[in-house]
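Notes follow the structure.
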């Protein structure tokens, strides 16, 4: 049921509008002046606002300007018995959805509200669809390690230097790789991702380099590998520490010569890729254990970027939580939930073994299970 806020200093007008809109099936709240209306707008979740212009404490135009900052997607319809063309034009210029003179024509009022609500729904659906379209998310945080990563990306991205990104699971290594590609001269071409830990050892070579028809039992047709798919763009080798030694040798050759050979084939194929690799392992320890080639480590690690764990950047947690609350509110099409200061402190004190991924899941859980405000008790109960 759409919710509408009526702001007018005349009780009789409020009552009439409330009865009319209530009979049309709308949920209606009211305020006697702009100041009270703005408090209700910030605290509640409204789909549209009807606002008088001449009011005490905070007039309609002032309310409109503040509302556009606090809730830019909520349409505000101005109503006034003292208006003229200049007032109407001024209101629309400042962001009003429409302007209606008092006494309002009932049919026009209802049509305007319906159109405004349709617009709100379209705006929300567009935002949800944009969220579903793959894109590069923002790197959230102002801590020293995060700022250092941003500076490194700005310097390194325009080059073709290979980058090795290290860090714990869920810390944001993939996001760093995507920004390196996005800010590079290769951004118009694809970034192709390979999770080396998710592909069985016997299939990793076929995945990376492709195969010819008949090269093994299930090879019923020719397959183009990830190196060829990424030619002209970026190849992101995630969890490269889990790659088999045999595949490592072929990757090393591809990096050295810029050529690959499909499994079961003998033709050399030139590939032009920038390789970015990531791992949650200490590759030098893996080298000592003879699980990883030292020469490949040096080939990959021209530039080293370490992504800190969330426990190493706790000062960024309030910014991350706010970002996730906005994101989740948009996804669920509901008002953004407020989180108490004590709740934020509790989140900052938690041991985040799952890093950013775990924090995002916890915030979503809190949004679903908490009341109007996320409290410290909610964090204690649901974390």
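All of the numbers you see were taken from the coordinates with simple rules; none came from a lab. Model, not experiment: these values are computed from the prediction. Here Cβ is always computed from backbone atoms with ideal geometry, including for glycine, and neighbour counts include all displayed protein chains.
Once you have a ≥ b ≥ c as the square roots of the Cα gyration tensor eigenvalues for the range 255-316, tell me rounded if a/c is under 1.5, and otherwise prolate or oblate according to whether a/b is larger than b/c.
It comes out prolate by the Cα gyration axes.
Using label points projected 7 Å from each Cα along Cα→Cβ, tell me how many nm separate residue 188 and residue 45, to one decimal.
Reported label-point gap for residue 188 and residue 45 is 4.4 nm.
Taking the chain as the reference, fit the longest principal axis to its C-alpha atoms, fit the long axis of helix 11-23 to the helix C-alpha atoms, and give the angle between the two in degrees, 0 to 90, nearest 10.
Rounded to the nearest ten degrees, it is 60.
As I understand it, the value is the acute angle between the Cα axis of helix 245-257 and the longest principal axis of the Cα atoms of the chain; what does it come to in degrees, rounded to 10?
Here the helix axis deviates by roughly 90 degrees.
By how many nm would the segment from residue 217 to residue 290 grow when fully extended, if each residue of separation counts as 0.36 nm and the alpha-carbon distance is taken off?
So the extension gain works out to 23.2 nm.
Can you figure out the FRET efficiency of residue 123 with residue 161, using R₀ = 30 Å and their beta-carbon distance, to the nearest 0.05?
0.10
Any chance you could tell me what percent of the C-alpha pair distances in the range 216-262 go past 12 Å?
In whole percent, the long-distance tail amounts to 72.
Within the range 218-246, which residues have the backbone N less than 12 Å from the label spot 7 Å out from residue 298 along Cα→beta-carbon, could you tell me?
Zone members listed by number: none at all.
According to a simple spin-label model (label point 7 Å from Cα along Cα-to-Cβ), what is the distance in nm between residue 311 and residue 143?
Between residue 143 and residue 311, the label points sit 1.2 nm apart.
Pairing the Cα long axis of helix 355-369 with the longest principal axis of the chain, what angle in degrees results, from 0 to 90 and rounded to the nearest 10?
Once rounded, the angle reads 30 degrees.
Would you mind telling me the antiparallel percentage of the DSSP bridges in the chain, rounded to 5?
10 percent
Along Cα→Cβ, 7 Å out, is where each label goes; now give me the distance between the ones at residue 257 and residue 198 in nm to one decimal.
3.1 nm
Quick one: Cα centre-to-centre distance for the range 1-79 and the range 202-265, in angstrom?
61 Å
On each of the three principal axes of the Cα atoms of the range 144-306, give max minus min coordinate, whole Å, ordered largest first.
Extents along the principal axes, in whole Å: 53, 39, 27.
In Å, the Kirkwood hydrodynamic radius of the range 3-132 over pairs of distinct alpha carbons?
For the range 3-132, the Kirkwood estimate is 14.7 Å.
What area, in nm² and to one decimal, does the C-alpha convex hull of the range 310-382 cast on average over all directions?
Working: hull surface 16.9 nm².
Over every viewing direction, the Cα hull of the range 310-382 projects on average to 4.2 nm².
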